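Engineer: Sending over a structure as structure tokens; questions will come in a sec.
The values are calculated or read from the model by the stated rules, or taken from the named source; none is laboratory data. Fair warning: this is a prediction, and the values are worked out from it, not measured in the lab. Every residue, glycine among them, receives a Cβ derived from its backbone with ideal geometry; neighbour counts consider all protein chains shown. Heads up: the accessible areas ignore ligands, DNA and RNA and are worked out on the full protein's heavy atoms, side chains in. Shrake-Rupley method; radii C 1.70, N 1.55, O 1.52, S 1.80 Å.
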Amino acid sequence: MSKTPVDVLDRYRRDALLSQGELWLRYFELGGMSTGLEVEAFLFGALHPTSHDHDVIAHALNERFAELGGDRPVPYLEDDMLG
């Protein structure tokens, strides 16, 4: 289960200037298997993403931040488990 505060992923999505649909498409392109509705529920805390789903969403967001010339601010949960 995700340890991330409920709205953190959605705040990152807004900061990355992505719509929910754009984020879902990027997530899906990276191998995410949840539906757009499920990803929306993850963003608003109605469902808790698995650590894998969280990390795929984080990776999609971090790629977007890199495109915008920034760093990779969204933490990965899998990194926390290894440390």
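Engineer: Measuring from label point to label point, each 7 Å out along Cα→Cβ, what is the Thr35 to Arg14 span in nm?
Structural biologist: Each label point lies 7 Å from its Cα, and together they span 2.6 nm.
Engineer: Separate question: Quick one: in the chain, what % of C-alpha pairs are over 16 Å apart? Provide the component values of the computation, followed by the final result.
Structural biologist: Working: 1514 of 3403 pairs.
In whole percent, the long-distance tail amounts to 44.
Engineer: May I ask you to give the percent of accessible area on the chain that is carbon plus sulfur, with a probe radius of 1.4 Å? Could the numbers behind the result be given before it?
Structural biologist: Working: 2840 of 4900 Å².
Carbon plus sulfur share of accessible area: 58 percent.
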